[in-house]
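So the structure is just underneath, and the comments pick up after that.
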Amino acid sequence: MIVSSPRMPGSLPASCEATWPKDVGIIALDVYVPSQYVDQAELEEFDGVGAGKYTVGLGQSRMGFCTDREDINSLCLTVVQLLMERNGLSYDSVGRLEVGTETIIDKSKSVKTVLMQLFEESGNTDVEGVDTTNACYGGTAALFNAVNWVESSSWDGRYALVVAGDIAVYATGSARPTGGAGAVAMLVGPNAPLAFDRGLRGTHMQHAYDFYKPDMVSEYPVVDGKLSIQCYLGALDRCYSVYRNKIHAQWQREGLETRFCLEDFGFMLFHSPYCKLVQKSLARLVLNDFLSHPSPNTQSGPFSGLEAFRDVKIEDTYFDRDVEKAFMKASTELFEQKTKASLLISNQNGNMYTPSVYGCLASVLAQHTPQQLAGQRIGVFSYGSGFAATLYSIRVTQDATPGSALDKMVSSLCDLKARLDSRKKISPALFADIMKMREDTHHLANYVPQGSVDDLIPGTWYLTRVDEKHRRQYARRSLNDDGHLEAGLVHSSITSEHVLSPLKKMPRIPTTTAGTEVVVISNGDH
């Protein structure tokens, strides 16, 4: 008598996968960075440190930052409206909106609720999701929630919208040049050009005080730099190991006996606190491949000359300079092929916290043709201090034809470098003054910001005042000219095609882009 093994509650046979929406992932993506930056070489001189400490040691060229005119609400308002307008999307086609951020300006009211004011004209209030917070990992958690929603019984056929945004600022000192600011918005649904590899996520969660923000009055974190690096690299090791085990199991079920290694990723992206750590992280994946290989060839190929490191224990190598140097050298070509292009925004704008790794994704899309991207598997490592990390993968569609979803996504980001180059350079002295002003005023009530509105990029939302009850009010700089409106209601002049929700119509991003009149909104009473 054959007795079948009991199925755990909630488990489903493989045949049930057919009921899931196909190729759930990212359909559209856009990025917003502030309109001004400080040059890292000039900052080295201003701070009195050795030449190359920031530019070579950290791998940073420019650092974007916000004046007191911008906060987390305004960053997210800007990037959401940018994505919706550039892709001709209607707000009633969105059924879930979730924000990943660690830039907290209210201990109760979510950024998502502020963004709902953009939905008012459409009449759509049936939108799930709130904010998700855990250092730089919140954007990834929000993205996973969105994907899971589309693949669940809760899905009602509409898109999910994920926003990752942060303002990364540090007190005067060695950590300050690792700051940055920005936001990324991602539209999630089925039949996506960037589809998530189902079942292929390697996650590691652990408790540590490597970076945290216990002072609710200050924007600045408490940082243990050495511990933070150890946590990041340790999480990378563990996530990569879990991911490899899962893909090996998947391949075995398909009858394949191939070993997975870094070469199997077309691109490999990392959360980027600073660019040099990313380069070291790619080298660390080569170290992982080397140590896990049953019989690596140390005479030729990528592991050539590495036989002396065959017996090292990976947990003893976080700060081993010999190991780091050897594997940085061994991974030079792979870095150029798989990771360097992803660091455009990181190098030019700095660490955006939750949007960091998605800025890396945008950078890859902006610098490659649809044909170069088609069919590639993109590895993504997301890390948030405290700490939480996942390594997962995205599969790019094979369809790179003109007018395809991939073609439209790439086209929408082709001006990314031009956007970065169009920003205004601010002197280190003025940058320090602005940081001091933020430090002194970011928590104040009955406050009118002092920063210039004229320097903001057209289409940018900005803070107009904080009233005596800490209610924040915002206005938007016009897309069409250099003016801005100080009062008004939401009135859209969009005339582009109305994009239906994906259940009714396969996601199709129109090529038309239209402007919108400026409007004032708030995070309190109207």
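Taking interchain pairs and intrachain pairs at least six residues apart, which have beta carbon atoms under 7 angstrom, with the first residue in segment 293-321 and in contact (Cβ under 8 Å) with a residue 12 or more places away in the chain and the second exposed (fewer than 14 other Cβ atoms within 10 Å of the Cβ)?
Once the first residue is in contact (Cβ under 8 Å) with a residue 12 or more places away in the chain and sits in segment 293-321, its partners that are exposed (fewer than 14 other Cβ atoms within 10 Å of the Cβ) give Thr298/Ser304; Thr298/Gly305; Thr298/Glu307; Phe303/Asn297.
For segment 424-451, how many residues are open to solvent by 60 Å² or more (accessible area, probe 1.4 Å) and outside any helix (DSSP H, G or I)?
7
Say whether the condition of being in contact with a Ser or Thr (Cβ under 8 Å, 6 or more places away or on another chain), under 26 Å from Ser411 (Cβ atoms) and assigned to a loop (DSSP other than H, G, I, E, B) is met by at least one residue in segment 90-112.
Yes, segment 90-112 has at least one match.
Can you report the number of residues in segment 48-72 which are in contact with a Phe, Trp or Tyr (Cβ under 8 Å, 6 or more places away or on another chain) and either assigned to a loop (DSSP other than H, G, I, E, B) or more than 21 Å from Arg423 (Cα to Cα) (or both)?
Qualifying residue count, segment 48-72: 6.
Among the residues of segment 131-143, are any part of a loop (DSSP other than H, G, I, E, B) and crowded, with 21+ Cβ neighbours inside 10 Å?
yes
Among the residues of segment 150-189, what is the count of those that are under 19 Å from the mean Cα position of the chain (by Cα) and either open to solvent by 10 Å² or more (accessible area, probe 1.4 Å) or among the aliphatic types (A, V, I, L, M) (or both)?
16
Do we find that Val223 is in contact with a Lys or Arg (Cβ under 9 Å, 6 or more places away or on another chain) and β-branched (Val, Ile, Thr) in this structure?
It is false that Val223 is in contact with a Lys or Arg (Cβ under 9 Å, 6 or more places away or on another chain) and β-branched (Val, Ile, Thr).
Answer yes if at least one residue in segment 404-417 is in contact with a strand residue (DSSP E or B) (Cβ under 9 Å, 6 or more places away or on another chain), farther than 17 Å from Leu194 by Cα and not polar (S, T, N, Q), and no otherwise.
yes
Which members of segment 72-84 meet the condition of being farther than 12 Å from Val31 by Cβ and open to solvent by 10 Å² or more (accessible area, probe 1.4 Å)?
Gln81
Taking segment 107-119, which residues are at pLDDT 95 or above and open to solvent by 20 Å² or more (accessible area, probe 1.4 Å)?
Selection gives Ser108, Lys109, Thr113, Met116.
Could you check Arg238 against (1) in contact with a Phe, Trp or Tyr (Cβ under 9 Å, 6 or more places away or on another chain); (2) at pLDDT 95 or above and say which number it fails?
All conditions are met except number (1).
Looking at segment 241-262, I want the residues that are part of a helix (DSSP H, G or I) and have a partner that is loosely packed, with under 14 Cβ neighbours inside 10 Å and hydroxyl-bearing (Ser, Thr, Tyr) with Cβ atoms under 8 Å, at least 6 apart or on another chain. Which pairs are those?
From residues that are part of a helix (DSSP H, G or I), the pairs are Trp251/Thr258.
Results for (1) over 17 Å from Arg201 (Cβ atoms); (2) within 21 Å of the chain's Cα centre (by Cα); (3) not acidic (Asp, Glu), shown as yes or no for each residue.
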position	(1), (2), (3)
Lys213	yes, yes, yes
Val217	yes, no, yes
Pro221	yes, yes, yes
Asp224	yes, no, no
Tyr243	no, yes, yes
Gly255	yes, no, yes
Phe260	no, no, yes
Asp264	no, no, no
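Taking the stated definitions as given, is Ser93 in contact with a strand residue (DSSP E or B) (Cβ under 9 Å, 6 or more places away or on another chain), buried (at least 21 other Cβ atoms within 10 Å of the Cβ) and of a type in the set (S, T, N, Q)?
So Ser93 fits the description; yes.
Name the residues in segment 287-302 that are out of contact with any Gly (no Cβ under 7 Å at 6 or more places or on another chain) and hydroxyl-bearing (Ser, Thr, Tyr), would you?
Those that are out of contact with any Gly (no Cβ under 7 Å at 6 or more places or on another chain) and hydroxyl-bearing (Ser, Thr, Tyr): Ser292, Ser295, Ser300.
Read through the list (1) surrounded by 15 or more Cβ atoms within 10 Å (Cβ to Cβ); (2) in contact with a helix residue (DSSP H, G or I) (Cβ under 7 Å, 6 or more places away or on another chain); (3) modelled with pLDDT under 95, then give the number of the only condition that Pro193 fails.
Among (1) surrounded by 15 or more Cβ atoms within 10 Å (Cβ to Cβ); (2) in contact with a helix residue (DSSP H, G or I) (Cβ under 7 Å, 6 or more places away or on another chain); (3) modelled with pLDDT under 95, the lone unmet condition for Pro193 is (3).
Could we say that Thr67 is among the β-branched types (Val, Ile, Thr), closer than 27 Å to Tyr274 by Cβ and open to solvent by 10 Å² or more (accessible area, probe 1.4 Å) here?
In short, yes.
Scan segment 457-466 for residues that are open to solvent by 20 Å² or more (accessible area, probe 1.4 Å) and assigned to a loop (DSSP other than H, G, I, E, B) and jot them down.
Ile457, Pro458
Suppose we keep only residues that are open to solvent by less than 20 Å² (accessible area, probe 1.4 Å) and acidic (Asp, Glu) within segment 235-289. Which one would you say is farthest from Asp320 (Cα to Cα)?
Here the residue is Asp289.
Test of understanding: among Asp215, Asp210, which residue is open to solvent by 30 Å² or more (accessible area, probe 1.4 Å), farther than 24 Å from Gln398 by Cα and among the acidic types (Asp, Glu)?
Asp215
Every residue in segment 343-391 that is part of a strand (DSSP E or B) and crowded, with 22+ Cβ neighbours inside 10 Å, please.
Ile378, Gly379, Val380, Phe381, Ser382, Tyr383, Gly384, Ala389, Thr390, Leu391
For Asp454, only one of the following conditions fails: (1) part of a strand (DSSP E or B); (2) charged (D, E, K, R); (3) surrounded by fewer than 17 Cβ atoms within 10 Å (Cβ to Cβ). What is its number?
Going through the list (1) part of a strand (DSSP E or B); (2) charged (D, E, K, R); (3) surrounded by fewer than 17 Cβ atoms within 10 Å (Cβ to Cβ), Asp454 breaks only (1).
Would you tally the residues in segment 196-218 being acidic (Asp, Glu) and out of contact with any helix residue (DSSP H, G or I) (no Cβ under 7 Å at 6 or more places or on another chain)?
2
Just one of Ser228, Ser122 is open to solvent by 10 Å² or more (accessible area, probe 1.4 Å), small (Gly, Ala, Ser), in contact with a helix residue (DSSP H, G or I) (Cβ under 7 Å, 6 or more places away or on another chain) and more than 23 Å from Lys246 (Cα to Cα); which is it?
Ser122
The values are calculated or read from the model by the stated rules, or taken from the named source; none is laboratory data. Because the structure is predicted, anything quoted here is derived from the model rather than measured. Virtual Cβ from ideal backbone geometry, glycine too; neighbours counted across all protein chains shown. With ligands, DNA and RNA removed, areas are computed over all heavy atoms of the protein, side chains included. Shrake-Rupley method; radii C 1.70, N 1.55, O 1.52, S 1.80 Å.
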